[in-house]
Amino acid sequence: CGDVGYGKTEVALRAVMKCIMDGKQAAILVPTTVLAQQHYATAIARFRAFPVTVEVLSRFRTPAQVKDVLERVKEGRVDLLIGTHKLLAKNVEFKDLGLLIIDEEQRFGVTHKEKLRQRAEQVDTLTLSATPIPRTLNMALSGIRDMSTIEQPPQDRQPVQTYVLEHDWGIIAEAIRRELDRGGQVYYLHNRVENIESTAGRLRQWLGEDVAIGIAHGKMAERELSSVMQQMADGEIQVLVCTTIIETGIDIPNVNTLIIEDADRLGLSQLHQIRGRIGR
């Protein structure tokens, strides 16, 4: 357990390395497709110098690719498999699974976790969460599970300043401009898909045509979504108007201002997660 951006993924990747060096397979279960892609990219970059095969299962993969990955996992030719709920499917069989990692554990229901437990009876399990659910805390306190917390923030991480204000386009435009003048990027969170386009239009009116504004939400086609996220990561988009899809694990260090519209409609754990997307 550790705050958002405190390096839980780093701990997980080191555990994965140890597991693979001992000749076993490892799996990482994540709640969203975007996060699966991101972990995949991170893992590939980290294990580049080692003979480790990393694969990902998500809706960005074609059926043929999925079939190929599953065959190789069963034969033991894939060392690390990263995936969304697809990992829970019956047709996913490991040759010798040694470590299972559940990222953003609070996002999975009890039934999902029980499915996993039946699968992975003799397998070491590591769960990562910034906002653990009461059931997990209870299990930790009663000794069923071990729990450790990362208290120390990484070097150079700034505490996030939070302001609660009435909605005012003038203040919003000024906050965005201030961030853009620093060469940073901005998330504008508007959690309704049906009128997200018009909100982006309003922002365009306020900020002028020279500001690059992108849109991201869960109903977009996967190609579109991954290309928007890539543009955001590459710094081509300056302001991203998005839904809570950015909540889990998206790590773009250059984004340091976040504006949440109708924050009172979101839950506390959600707000905490979303707030952790900035201040890197």
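Here are a few things to note about the model shown:
- Checked against (1) open to solvent by 80 Å² or more (accessible area, probe 1.4 Å); (2) among the small types (Gly, Ala, Ser); (3) within 30 Å of residue 147 (Cβ to Cβ), residue 58 meets all criteria but (1).
- Some residue of the stretch 224-232 being among the polar types (S, T, N, Q), touching a Leu at 6+ places or on another chain (Cβ under 8 Å) and farther than 22 Å from residue 107 by Cβ: no
- Of all residues in the stretch 13-49, those satisfying the criterion of being closer than 14 Å to residue 123 by Cα and among the small types (Gly, Ala, Ser) are 15, 23, 26, 27.
- Matching option when the condition is part of a loop (DSSP other than H, G, I, E, B), farther than 30 Å from residue 157 by Cα and out of contact with any helix residue (DSSP H, G or I) (no Cβ under 9 Å at 6 or more places or on another chain), among 5, 23: 23
Conditions (1) of a type in the set (D, E, K, R); (2) farther than 22 Å from residue 116 by Cβ, marked per residue:
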{"position": "1", "(1), (2)": "no, no"}
{"position": "8", "(1), (2)": "yes, no"}
{"position": "14", "(1), (2)": "yes, no"}
{"position": "22", "(1), (2)": "yes, no"}
{"position": "26", "(1), (2)": "no, no"}
{"position": "30", "(1), (2)": "no, no"}
{"position": "34", "(1), (2)": "no, no"}
{"position": "43", "(1), (2)": "no, no"}
{"position": "46", "(1), (2)": "yes, yes"}
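- Scanning the stretch 16-36 for residues that are surrounded by 21 or more Cβ atoms within 10 Å (Cβ to Cβ) and within 19 Å of residue 72 (Cβ to Cβ) gives 16, 19, 20, 25, 26, 27, 28, 29, 36.
- Among the residues making up the stretch 124-146, those that are in contact with a strand residue (DSSP E or B) (Cβ under 9 Å, 6 or more places away or on another chain) and within 20 Å of residue 31 (Cβ to Cβ) are 125, 126, 127, 128, 129, 130, 136, 145.
- Filter result for residue 165 (closer than 30 Å to residue 236 by Cα, open to solvent by 50 Å² or more (accessible area, probe 1.4 Å) and at pLDDT 90 or above): yes
- If you filter the stretch 26-49 down to residues that are in a helix (DSSP H, G or I) and within 12 Å of residue 16 (Cβ to Cβ), you find that the one that is farthest from the chain's Cα centre (by Cα) is 46.
The values are calculated or read from the model by the stated rules, or taken from the named source; none is laboratory data. Keep in mind that what you see is a predicted model, and the values were worked out from it rather than measured. Please note: Cβ atoms are built from the backbone with ideal geometry, for glycine as well, and neighbour counts cover all protein chains shown. Protein only, heavy atoms only, side chains kept; ligands, DNA and RNA dropped before computing areas. Shrake-Rupley method; radii C 1.70, N 1.55, O 1.52, S 1.80 Å.
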